[in-house]
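Have a look at the structure below, then the notes.
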Amino acid sequence: MADDTWDEFAEAVELRVGKRPMKGPSEKDLDAFEETFAFRLPRSYRGFVKRFGAGELFVGFTDYRLPSEEFWFYAPGNPKNRFNSSLDQHVGESRGSLPDDRSARHFSDFTEPARAQRLVVFACDSLGDRYFGWDPQEATDADGSDYAVYCLERDDPLNKLERVADSFTDFVLGYCLDRCLKKEDFPPRRKKGLEFERTYRRY
């Protein structure tokens, strides 16, 4: 993967940093995660979190009455931080049940229970209804360092898993920034005088 892939992301979004930002993950943090969970992180993901850190991607209109999407990205390191953004913690919890799922819902409820349980969850939406993760058994590049990304909807009555991207890069640049919500989807009268923004706020 080219080193400048995330230059496109940096140009497409407004980068912000919260107060007292957390320390970004180091190579040691990333390697420790891989060893603990026996999972090889995609090179694209490693490059993303080393450059931007854990954070929140907002895509939508500034008017709260119009649709928007927020994606919360986790990163290794900073365990039990105030933003609940530790990749280690979320993956550890998801091996037994859905992350932060206080209803103790079982993976057997899903139409693909085996896939649901093996997903390596790296992000969720702002409401905690949708989780996004890699399927370790569905490599999508020649050297096996990237994987298909699936969306697991906690409250989907059919409990289906939707394949939303071919790789982590495709998830961020394609699904989040392009396919999920676009300014062009709304009539001019609805967006006149409103700002459509894409921001990434590092925790």
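Measure off 7 Å from each Cα along the Cα-to-Cβ vector at E93 and E11, then give the distance between these two points in nanometres to one decimal.
A separation of 3.8 nm, rounded to one decimal place.
Work from the charge dipole of the stretch 34-175 (Cβ charges, +1 for Lys and Arg, -1 for Asp and Glu, about the Cα centre) and give the residue of V49, N159, L119 farthest towards its positive end.
V49
Given labels modelled 7 Å from the Cα in the Cβ direction, how far is it in nm from T199 to A32?
3.2
Determine the relative contact order of the stretch 5-202: mean sequence separation of Cα pairs under 8 Å and six or more apart, normalised by residue count, in whole percent. All intermediate terms of the calculation are to be shown ahead of the outcome.
Values: 336 pairs, mean separation 51.0, N = 198.
Averaging sequence separation for qualifying contacts and normalising by length gives 26 percent for the stretch 5-202.
At 222 nm, what value in deg cm²/dmol follows for the chain if DSSP H runs of at least 4 each add -39500 (n - 2.57) and the sum is divided by all its residues, to the nearest 500? Don't skip to the answer; put the middle values down first.
Details: 6 runs with 47 residues, N = 203.
The helix contribution divided over the chain gives -6000 deg cm²/dmol.
Averaged across orientations, what area in nm² does the convex hull of the alpha carbons in the chain project?
Details: hull surface 48.7 nm².
That works out to 12.2 nm².
Averaging over every viewing direction, what projected area does the convex hull of the Cα atoms of the stretch 1-52 cover, in nm²?
Working: hull surface 17.3 nm².
With every direction weighted equally, the projected area is 4.3 nm².
Over the chain, with a Gaussian network built from C-alpha contacts below 10 Å, which listed residue (G18, G133, G53) shows the highest mean-square fluctuation?
G18
Determine the dipole magnitude for the stretch 5-202: charges of +1 sit on the beta-carbon of Lys and Arg, -1 on that of Asp and Glu, nothing else is charged, the reference point is the Cα centre, and the result goes in debye to the nearest 20. All intermediate terms of the calculation are to be shown ahead of the outcome.
On the way: 32 positive and 37 negative charges, 174 e Å.
Computed about the Cα centre, the dipole is about 840 debye.
Coordinate-derived values only; no laboratory data. Only a predicted model underlies this, so the values are computations on that prediction, with no experimental measurement involved. All Cβ positions, glycine included, derive from the backbone under ideal geometry; neighbour counts span all protein chains shown.
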